[in-house]
Amino acid sequence: MFRTKVDFLQRFIRCKHTSGRPFCSRLVLGIETSCDETGAAVLDETGSILGECLHSQKEEHLRTGGIIPTVAQQLHRDNIERVVWETLEKSGVTPSQLSAVATTVKPGLALSLSVGLEFSLRFVRQHNRLFIPIHHMEAHALTVRMLHPLFFPFLVLLVSGGHSLLAVAQGVDDFLLLGHALDEAPGDTLDKVARRLSLSKHPQCCTLSGGQAIELLAKDGDRKRFYFTTPMGKTPDCCFSFAGLRNQITMTIKKKEAEEGVGEGTLLSCVNDLAAAAQHTVASHLAERTHRAILFCKANSLLPADNPTLVVSGGVASNRYIRKVLAIITEWTGLSLLCPPGKLCTDNGVMVAWNGVERLREGRGILLPNQDVRYEPKAPLGVDISAEVRAAAIRLPRVRMKIQNNI
């Protein structure tokens, strides 16, 4: 296609503008580089995607066995200019037609965030555009509003390779944090389990991420063959912990390797069953915490009586088994369950652009191009009330057993 702004402008001059959009329409360019995806998209105020482009680093990181921050940073640097200008060409929009540029600045990998922010600040200053800093998890939480007429407040479960949290979305930038990760995120756990099982050597999984490989193999596995305890099962809060689960799985893998007389790096004969048990335990933990969050919200009138909703987003939300388990919880508790389509659950420029549209509409967090902005690798979402949730000590029915009986 082309790699520079000069290439784009030359191409744009030659192209006939056929979009038919009124020039007064407010357009937002979204840029995402929080981890290992270089994404960009242009949206209008209605949420119509005028153009988008995504460069995935998955193949490179599969070869190295995980995300190496310096490698991710260089890949962002190598691709961000092409991704942005290709997005603008697809949308038929010039920089002067943009109302604002929205970019993820928190949380995420510091080296990755720096690339997106540095590029965006140069861009808005050169073209005199407004700048909207975006919180990555806020963008995930609000994406569903681009697709459905969903009003505030609603409950959100955000689960990915780097994050897990439960929050009540009360407004575009107004969240009550009910629970958060205490150690590693569920996507990270599944990826590490997949690496320990050497699933990259499995003929069906060599091109899949760890979480995708676990989900695929689990379909043909017996989740009841191995029993792993639900993390923090007796702690009366909505926080998440998966490190202990991963340690249990690792010990079981070592035991099976000894029984089969093989070393680390060899595919076990029971790999499907281990994948199914690991996935089920992750899903159960997410379900238990979500169930408690729902009961806490009901007890404190934090959700509307009419059609209360749970939104699930983030990369792990693409897992169909986990969605099915959460659907059981929402059906029992009378909530609607909404999830963005899989391609919008993983990191992308569309969700960032939409968050920018929402903030532009309400005039929240909008900066002039010459204002300084810093990226924040660690940044909580909203007001943390997890201590209040713990103090409420809400007891749950035997969710794990009910889930086993309903799947």
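The figures follow:
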read-out	value
Test: residue in the stretch 97-112 that is assigned to a loop (DSSP other than H, G, I, E, B), within 15 Å of Glu358 (Cβ to Cβ) and in the same structural domain as Gly39 (by TED's automatic domain parsing)	yes
Residue that is surrounded by the most Cβ atoms within 10 Å (Cβ to Cβ) [pool: residues in the stretch 34-78 that are of a type in the set (S, T, N, Q) and touching a Cys at 6+ places or on another chain (Cβ under 9 Å)]	Thr38
Restricting the stretch 196-240 to residues that are basic (Lys, Arg) and exposed (fewer than 15 other Cβ atoms within 10 Å of the Cβ), the residue that is farthest from Arg289 (Cα to Cα)	Lys201
From Leu326, Leu360, Leu381, Leu337, residue being in a strand (DSSP E or B), among the aliphatic types (A, V, I, L, M) and at pLDDT 95 or above	Leu337
Pair list, Cβ under 7 Å, 6 or more apart: the stretch 241-252 residue touching a residue at least 60 places away in the same chain (Cβ under 8 Å), other residue surrounded by fewer than 18 Cβ atoms within 10 Å (Cβ to Cβ) and among the aliphatic types (A, V, I, L, M)	Ser241/Leu182
Number of positions in the stretch 295-321 that are surrounded by fewer than 23 Cβ atoms within 10 Å (Cβ to Cβ) and over 24 Å from Glu388 (Cβ atoms)	4
Pro203 vs. criteria outside the structural domain of Glu37 (by TED's automatic domain parsing) and touching a residue at least 24 places away in the same chain (Cβ under 8 Å)	no
Condition broken by Lys324, with the remaining ones in (1) surrounded by fewer than 21 Cβ atoms within 10 Å (Cβ to Cβ); (2) over 20 Å from the mean Cα position of the chain (by Cα) satisfied	(2)
Subset of the stretch 1-51 [modelled with pLDDT of 95 or more and of a type in the set (A, V, I, L, M, F, W, C)]	Leu27, Val28, Leu29, Ile31, Ala40, Ala41, Val42, Leu43, Ile49, Leu50
Residue ID - nearest to Asp273 (Cα to Cα), chosen from residues in the stretch 239-258 that are touching an Asp or Glu at 6+ places or on another chain (Cβ under 9 Å) and part of a loop (DSSP other than H, G, I, E, B)	Phe242
Flag for Ala72 being assigned by TED's automatic domain parsing to the domain that holds Leu27 and in contact with a strand residue (DSSP E or B) (Cβ under 8 Å, 6 or more places away or on another chain)	no
Filter pass, Gly161 being outside any loop (DSSP other than H, G, I, E, B) and either of a type in the set (D, E, K, R) or closer than 27 Å to Val389 by Cβ (or both)	no
Residue match in the stretch 96-107 (condition: buried (at least 21 other Cβ atoms within 10 Å of the Cβ), at pLDDT 95 or above and of a type in the set (Ser, Thr, Tyr))	yes
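The values are calculated or read from the model by the stated rules, or taken from the named source; none is laboratory data. All figures in this text were calculated on a predicted structure; none of them were measured in a lab. When we count neighbours, we look across all protein chains shown, and the Cβ atoms used for this are built from the backbone with ideal geometry, even at glycine.
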